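Here is the structure we will look at.
What follows draws every value from the coordinates through simple rules; no lab data is involved. Everything numeric in this text was worked out from a predicted model, so none of it was measured. Note that we place each Cβ from the backbone using ideal geometry, even for glycine, and neighbour counts take in every protein chain shown.
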2 protein chains.
Amino acid sequence: MNREEIERLVDSQPTVFVGSVDGEGFPNVKAMLAPRVREGLRTFWLTTNTSSMRVAQFRRNPRAALYFCDEERFLGVQLRGTMEVLEDAASRRFIWREGDTEYYPLGVDDPDYCVLRFTAETGRAYSDYHSENFETE
Amino acid sequence: MNREEIERLVDSQPTVFVGSVDGEGFPNVKAMLAPRVREGLRTFWLTTNTSSMRVAQFRRNPRAALYFCDEERFLGVQLRGTMEVLEDAASRRFIWREGDTEYYPLGVDDPDYCVLRFTAETGRAYSDYHSENFETE
């Protein structure tokens, strides 16, 4: 996959699979709604519940992976990097959307609403039974 | 989800998302073809290439996760446990299928064909915006 195909795959999926490492050193995988904002293939912004297990894991160990997958075409893109948990006013407002009060009834300052910002260090793309690394900047 | 619903989800998906931890301590996620055989929710058998990055990772660090996801219904099942890389004749034959020569031209003893056996220690199911643990035995 060239860079354009990688970005198209990333943007085409409603779901991203988020990898973390838990307190006992085991990998964890969870489907989350796709990032709301991305800057190139470097920085990705997601929302989640402050009280969630993933937030606790990333506070303890920021190492993370985002995996985007087109199952029908056997294409995959993995980004490896670090995840920050952000609760400041500017970050909250940056990716807040109107309908979010359905999930966070107290609005943009709901203490259970927080922002995850992922910064990719390395990328790897899979297609045609073959993987190759790509630059994330 | 009750146990029957969990098993139905596991059996309904063509793909499983496999979590591993690489040599630098980062989580890795990769889509693989669903396990060919499972024994309850405890033991799962998959095939892969002996030369693959996943095999190298599991030889170094056997901690693993299998994640089954129904994206449309927002259901997820994560199993956490350990992954063994098996190359013995009995394991190879146990899950070999006729068409596999397409991927492993040398047949069931092709050195690039190997078996992954996952043993689950803990399970966690996600539905209705809520997660709960379940027993894997």
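Taking each residue in B:29-35, count the Cβ atoms of any other chain within 10 Å of its Cβ, then average. What number comes out?
6
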Non-local residues with an amide H under 5 Å from the amide H of A:LEU75, with H modelled 1.01 Å from N and Pro and chain starts lacking one, are A:ASP70
Identify, among B:VAL18, A:ALA31, A:LEU86, the residue whose Cα sits farthest towards the positive end of the charge dipole of the protein assembly as shown, taking +1 on the Cβ of Lys and Arg and -1 on the Cβ of Asp and Glu, with the dipole about the Cα centre. A:LEU86
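So, with +1 on the Cβ of K and R and -1 on the Cβ of D and E, and no other charges, what is the size of the charge dipole of chain B about its Cα centre, to the nearest 20 debye? Could you put the intermediate results ahead of the total?
Details: 17 positive and 24 negative charges, 61 e Å.
It works out to roughly 300 debye.
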Roughly what would the spin-label model give for A:ASP128 and B:GLU24, points 7 Å off Cα along C-beta, in nm? 2.7
Build a GNM of chain B with springs between Cα atoms under 10 Å: which of B:ARG97, B:ARG73, B:ARG59 gets the top mean-square fluctuation? B:ARG73
Could you go through the stretch B:125-136 in sequence order and give the Karplus-derived ³J(HN,Hα) for each residue, using 6.51 cos²θ - 1.76 cosθ + 1.60 with θ = phi - 60°, rounded to whole Hz, and x for Gly and Pro? 10, 10, 7, 6, 6, 8, 10, 8, 6, 9, 7, 9
Relative to the present Cα-Cα distance, how much length would full extension add between B:LEU33 and B:GLU84 at 0.36 nm per residue of separation? 16.7 nm
Where in the stretch A:99-137 does the amide nitrogen come within less than 17 Å of the point 7 Å from the Cα of A:SER12, taken along Cα to Cβ? A:125-130
Relative contact order of the stretch A:1-129, please, whole-number percent, based on alpha carbon pairs below 8 angstrom and at least 6 residues apart. 28
Mean-square fluctuation check for chain A, GNM, Cα pairs under 10 Å: which of A:ALA120, A:ALA34, A:ALA90 is largest? A:ALA90
Copy-to-copy spacing for B:GLU132, label 7 Å out on the Cα-to-C-beta vector, in nm, shortest first? 4.9
Among A:LEU106, A:LEU41, A:LEU79, determine the one that fluctuates most according to a GNM of chain A built with springs between C-alpha atoms less than 10 Å apart. A:LEU106
Quick one: what do you get for chain A if you divide its Cα Rg by 2.2 N^0.38 Å? 1.06
Would you be so kind as to identify which of A:MET1, A:GLY123, B:GLY107 lies farthest towards the positive end of the dipole of the protein assembly as shown, taking Lys and Arg as +1 and Asp and Glu as -1 on Cβ and the Cα centre as origin? A:GLY123
Rounded to whole angstrom, the alpha-carbon centroid of the stretch B:104-137 lies from that of the stretch B:24-101 at a distance of 5
What do the square roots of 5 times the Cα gyration tensor eigenvalues come to for the protein assembly as shown, in whole Å, largest first, as semi-axes of the equivalent ellipsoid? 32, 21, 16
